[in-house]
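Colleague: Can you read through this structure? Questions will come right after.
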Amino acid sequence: MSHALFDLSGRTALVTGSSRGLGRAIAEGLARAGARLIVNGVDPARVEAAVAEIRAVGYAVEGSTFDVTDEAGIIEAFTHFDAAGTEIDILVNNAGIQVRKPLIEFSSAEWRKVIETNLTSAFVVGREAAKRMIPRKRGKIINIGSLASELARPTVGPYTAAKGGIKNLTRSMAVEWAANGVQANAIGPGYMLTDMNEALVKNPEFSAWLMSRIPSKRWGRPDELVGAAVFLASTASDYVNGQIIYVDGGMLAAM
Ligand code: GCO
């Protein structure tokens, strides 16, 4: 029984990139808290599969397939929501990619791909959601940042720049939209066990270094982001604006 403060019943949540990984875990967590769910991804088959799996365990869910780097497709998706009378109460800007190589070897096209997918997408989808939330005087925007919103390591330059941008895009959203009842905040995952990090998990040297840097001495699980997501999606956070909550096992607290 979830406490009324954290009850998302009657709310509709759109989570970008939620057919798998962190987005999937967050989406299922919001559904468990009562939200009606819209699963998004770029691959129709993956979206359909995720919808079927989530519906099979009894949650209200539908799919919306669009590419978060395609502004026309995003606008079309929101036009469809409008026509269907679907009000997005909670937006989680989760979609993102990772590309690892020395910064000096990145082409500008590769740079743009990461920035577009991890940062610009949050602006475009956030703008379209806010256009509808502001007149309703109510809305929750949760951007997914990263430890890389604060700290850098070699070989993930574009990702780090994008996630640093997410932190201050979140603040910009907050300062412009808070007076209209829209709260914009972020979650900063630490090193989580996802497909995106599979190569790192399998790298013994990296894992040894990482365990020496994380006070909790373990990788995080995607479901460990759900508490922060439900908090930021619920009335419990109505006076929280422009913040980023790190779920990182204590890594940012450590020297
Ligand atoms: C990497 C990882 C990180 C994590 C996470 C850390 O290559 O360092 O992909 O970027 O995914 O973002 O918070």
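The values are calculated or read from the model by the stated rules, or taken from the named source; none is laboratory data. These numbers come from a predicted model, not from an experiment. Because the Cβ atoms are built from the backbone with ideal geometry, glycine has one as well, and the counts that use them run over all protein chains shown. In case anyone asks, the SASA skips ligands and DNA or RNA and just uses the protein heavy atoms, side chains included. Shrake-Rupley method; radii C 1.70, N 1.55, O 1.52, S 1.80 Å.
Colleague: In terms of modelled amide H atoms, which long-range or inter-chain residues lie less than 5 Å from the amide H of Ile141?
Modeller: Residues meeting the criterion, in which the H sits 1.01 Å from N, are Leu91, Gln183, Ala184, Asn185.
Colleague: Taking each pair of distinct Cα atoms in the chain once, what is the resulting Kirkwood hydrodynamic radius in Å?
Modeller: 18.3
Colleague: What 222 nm value per residue comes from the helices of the chain, counting each DSSP H run with n ≥ 4 as -39,500 (n - 2.57) and dividing by all residues, nearest 500 deg cm²/dmol?
Modeller: Numbers: 9 runs with 106 residues, N = 255.
Calculated from helices alone, the mean residue ellipticity at 222 nm is -13000 deg cm²/dmol.
Colleague: In nm, give the distance between the simple-model label positions of Phe206 and Arg100, each being 7 Å from the Cα along the Cα-to-Cβ direction.
Modeller: My value for the distance between the label points is 0.1 nm.
Colleague: While we're on this one: Name the residue from Trp219, Ser234, Pro204 whose Cα lies farthest towards the positive end of the charge dipole of region 194-241, charges +1 on Cβ of Lys and Arg and -1 on Cβ of Asp and Glu.
Modeller: Positive-end residue among those listed: Pro204.
Colleague: Step through the residues of region 13-29 one at a time and calculate ³J(HN,Hα) from phi using the Karplus curve (6.51 cos²θ - 1.76 cosθ + 1.60, θ = phi - 60°), rounding each to whole Hz and writing x for Gly and Pro.
Modeller: Each residue's phi maps through the Karplus curve to give 10, 9, 10, 6, x, 10, 7, 7, x, 4, x, 5, 5, 5, 4, 5, x Hz.
Colleague: Something else about it: What's the whole-number percent of alpha carbon pairs in region 25-149 lying beyond 23 angstrom?
Modeller: Numbers: 2798 of 7750 pairs.
Of the Cα pairs, 36 percent sit more than 23 Å apart.
Colleague: Let me ask something additional. Mind listing the phi-derived Karplus ³J(HN,Hα) values for region 175-186, rounded to whole Hz, using 6.51, -1.76 and 1.60 with θ = phi - 60°, and x for any glycine or proline?
Modeller: Residue by residue, region 175-186 yields 5, 8, 10, 4, 5, 9, x, 9, 9, 10, 9, 9 Hz.
Colleague: Still on this structure: Under 5 Å between amide H atoms, partner at least 5 residues away or on a different chain: which partners does Thr12 have, H built in plane at 1.01 Å?
Modeller: The answer is Arg36, Asp89, Ile90.
Colleague: While we're on this one: If you build a Gaussian network model of the chain, linking Cα atoms that sit under 10 Å apart, which residue out of Ser212, Ser146, Ser121 swings the most?
Modeller: Residue with maximal mean-square fluctuation among Ser212, Ser146, Ser121: Ser212.
Colleague: Run down the lysines and flag those whose C-alpha is under 24 Å from the C-alpha of Lys131, throwing out any fewer than 8 positions away in its chain.
Modeller: Answer for Lys131, where 24 Å is the Cα cut-off: Lys140, Lys163, Lys167, listed by chain and number.
Colleague: Looking at the chain as a GNM with Cα springs under 10 Å, which of Val156, Val125, Val92 has the largest mean-square fluctuation?
Modeller: Highest fluctuation among the options: Val156.
Colleague: Another question about this same structure. Along the Cα→Cβ direction, 7 angstrom out, place labels at Arg153 and Glu198. What is the inter-label distance in nm?
Modeller: Each label point is offset 7 Å from its Cα along the Cβ direction, giving 1.9 nm.
Colleague: Using a 1.4 Å probe over the heavy atoms of the protein chains, calculate the carbon and sulfur portion of the accessible area of the chain as a whole percent.
Modeller: On the way: 6620 of 11640 Å².
In the chain, the share of accessible area belonging to carbon and sulfur is 57 percent.
Colleague: Would you please give the residues with an amide H less than 5 Å from that of Tyr191, counting only those at least 5 places away or on a separate chain, with H modeled from the backbone geometry?
Modeller: Residues meeting the amide H criterion: Gly220.
Colleague: Quick check: the angle from helix 71-84's long axis to the longest principal axis of the chain, C-alpha only, nearest 10 degrees?
Modeller: 30
Colleague: Could I ask something else about it? Which one, Arg46, Arg36, Arg55, has the greatest fluctuation when you compute a Gaussian network model over the chain with C-alpha springs under 10 angstrom?
Modeller: Looking only at Arg46, Arg36, Arg55, the biggest GNM fluctuation is shown by Arg55.
Colleague: Spelling out what I want: for every residue of region 35-43, take phi, set θ = phi - 60°, compute 6.51 cos²θ - 1.76 cosθ + 1.60 (Karplus), and round to whole Hz; glycine and proline get x.
Modeller: Couplings: 6, 7, 10, 10, 8, 10, x, 8, 9 Hz.
Colleague: Based on a Kirkwood Rh over C-alpha pairs, give the Stokes-Einstein translational diffusion coefficient of region 157-210 at 10 °C and viscosity 1.306 mPa s in µm²/s.
Modeller: Details: Rh = 13.5 Å.
My calculation gives 117 µm²/s for D.
Colleague: Continuing with this model, one more query. Rank Gln243, Gly21, Ala52 by how far each Cα sits towards the positive end of the charge dipole of region 3-246 (+1 on Lys, Arg Cβ; -1 on Asp, Glu Cβ) and give me just the farthest.
Modeller: It is Gln243.
Colleague: On to the next question. Mind putting a number on the dipole of region 92-167 about its Cα centre? Charges go on the C-beta only, +1 for Lys and Arg and -1 for Asp and Glu, and I need it in Debye to the nearest 20.
Modeller: It comes to approximately 520 debye.
Colleague: Moving to a separate point now. Heavy atoms of the protein only, probe of 1.4 Å, neighbouring chains included. What is the accessible area of Val247 in Å², nearest 10?
Modeller: 30
Colleague: If you don't mind, there's one more thing I want to ask. Grab the eigenvalues of the alpha-carbon gyration tensor for region 108-246, scale each by 5, take roots, and send me the semi-axes largest first in whole angstrom. Walk me through the numbers on the way to the answer.
Modeller: On the way: eigenvalues 171, 66, 25 Å².
The equivalent ellipsoid of region 108-246 has semi-axes of 29, 18, 11 Å.
Colleague: Could you pull the accessible area for Ser107 with a 1.4 Å probe, rounded to 10 Å²?
Modeller: The accessible area of Ser107 comes to roughly 50 Å².
Colleague: Send over a whole-number figure in Å² for the accessible area per residue of the chain, probe 1.4 Å.
Modeller: Values: 11640 Å² over 255 residues.
That works out to 46 Å² per residue.
Colleague: Let's see if you can work this out: charge +1 on each Lys and Arg Cβ, -1 on each Asp and Glu Cβ, no other charges. What is the dipole magnitude of the chain about its Cα centre, in debye to the nearest 20?
Modeller: Details: 27 positive and 26 negative charges, 117 e Å.
Dipole size: approximately 560 debye.
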